Amino acid sequence: MSDQADEQPPTLEIVRGSATDEELAALIAVVSDAYATEAADAVAEVTQVSAWTRMQRPLRTPLRRDIPWGRFSG
């Protein structure tokens, strides 16, 4: 997990043309709203795992009966 203090805010850089102050304000408003909506929807569910489940040893895989014992095939 990342801490909120480590995250950098999104930046916007105009690399071509010249935008007016009103156009920049509209762009920032639309992009900020879309970013906030996406960030709010991107929350993952945290599954609760009990201490019993964490401490249980997994079951061993079943023996393969198609492999002969040792290296003998007869």
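Assorted remarks:
- Between Ala19 and Val31, the contour length at 0.36 nm per residue exceeds the Cα-Cα span by 2.8 nm.
- For the chain, with +1 on Lys and Arg beta carbons and -1 on Asp and Glu, the positive-most of Ala39, Ala51, Pro10 along the dipole: Ala51
- Between helix 21-41 and the chain there is an angle of about 20 degrees, using the helix long axis and the longest principal axis of the Cα atoms.
- The helix-based estimate of mean residue ellipticity at 222 nm for the chain, built from -39,500 (n - 2.57) per DSSP H run of four or more residues and divided by its residue count, is -11000 deg cm²/dmol to the nearest 500.
- Choice from Asp33, Asp41, Asp21 showing the highest fluctuation, given a GNM over the chain with Cα pairs closer than 10 Å: Asp21
- A convex hull fitted to the Cα coordinates of the chain yields 286 cubic angstrom per residue.
Each reported figure results from applying straightforward, stated rules to the coordinates on display, with no laboratory input. If you're wondering where the values come from, they're calculated on a predicted model, not measured in any experiment. Glycine gets a Cβ as well: all are built from the backbone with ideal geometry, and neighbour counts include every protein chain shown.
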